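Step one of this worksheet: look at the structure below.
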C-alpha cells in the first residue's frame, strides 16, 4: 500500500479501529490518515463498513478498540457534540435534515455549538453564496425540497459549525448524474476556497475519485487498498469492480484517468 505525503499535516489519524453492530464486527482493524487540505474518499460495496467508519469517527458509535485522533488528540471517547467542537462535522447518509423546520432554521441549527455568535450571519451568507437556491427558499419547509436541494441543505448546515473536517456519507445518493456533478463541484470548491478538509464515503467511484486527492477501498470492514486517487482510478481492479470497465477497456481507461481533472 502506498502512503500519503508525509510532509502534509495529519488532521485525522485512525489506528487499528474496531467497531461492532451488535455481535457483528463491522470495522476490522482499520487504520488511515487524512491530511489537512485533502479530499479523501472511501470506496466499497454495501456492507463494507464505510458508514460505520464515519459514525465511529463522529462519535455516533463507540469503537470496541483502536484510536481516533484529531490533530494528535484522541477523540474516540468523546460525545458527538464535543467532537463537533473539535472541528469534525458529519453529513449523514439520507441527509437527516429537520423536515418541518424552514431552510433558514436548518441552517441556523448547524451553528448550535458555536460561541462566536457575531460571525454566524457572515457564514450564513457564505453558505447561501454556494447554494443560492437555498437563499431563494429560506422560508420554505425543508421537507418540501427536492433531493438535491436537501443534500445542499445538509452540507450547508454542516458548514455552519465552521468545520476543519467534513465527513460526507453518500452525497450522491438518490441524485441524478447532473445533480451529482453539481454537488461534487461544490464539494471541490469548498475544499479549495474555504479550506475544508473532506472525507467522503461514496459508491459512485468515478465521481469520487475524480474529486479526491487520495482514496481507500474497504471490503468486509477492512482497508484492502489505498493510494493517490488517480492511481486507484487507473488500477485494473478498481476499473473492473467499481467503474464497470472491462479488461479490453482497461488500457484505454488508464489513459483517460491520467488526463487533467476537469474540476481542478
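The values are calculated or read from the model by the stated rules, or taken from the named source; none is laboratory data. Keep in mind the model is a prediction, meaning the values are calculated, not measured. Neighbour counts run over all protein chains shown; Cβ positions are idealised from the backbone, glycine included.
Touching a residue at least 24 places away in the same chain (Cβ under 8 Å), surrounded by fewer than 22 Cβ atoms within 10 Å (Cβ to Cβ) and within 22 Å of residue 120 (Cβ to Cβ), is that true of residue 164?
Values: touching a residue at least 24 places away in the same chain (Cβ under 8 Å): yes; surrounded by fewer than 22 Cβ atoms within 10 Å (Cβ to Cβ): yes; within 22 Å of residue 120 (Cβ to Cβ): yes.
The answer is yes for residue 164.
Across the stretch 167-194, what is the number of residues that are under 14 Å from the mean Cα position of the chain (by Cα), under 30 Å from residue 121 (Cβ atoms) and part of a loop (DSSP other than H, G, I, E, B)?
1
Hey, can you tell me all the residues within the stretch 4-24 that are part of a strand (DSSP E or B), surrounded by 14 or more Cβ atoms within 10 Å (Cβ to Cβ) and at pLDDT below 95?
20, the sole residue that qualifies.
Need pairs with beta-carbon distance below 7 Å; first residue free of Cβ contacts under 8 Å to residues at least 40 places away in the same chain and within the stretch 72-97, second part of a helix (DSSP H, G or I); sequence gap 6+ or separate chains.
Between residues of the stretch 72-97 that are free of Cβ contacts under 8 Å to residues at least 40 places away in the same chain and residues that are part of a helix (DSSP H, G or I), the close pairs are 75/83.
Would a scan of the stretch 113-136 turn up a residue that is under 30 Å from residue 47 (Cβ atoms), without any contact (Cβ under 8 Å) to a residue 60 or more places away in the chain and under 20 Å from the mean Cα position of the chain (by Cα)?
No; the residues of the stretch 113-136 include none that is under 30 Å from residue 47 (Cβ atoms), without any contact (Cβ under 8 Å) to a residue 60 or more places away in the chain and under 20 Å from the mean Cα position of the chain (by Cα).
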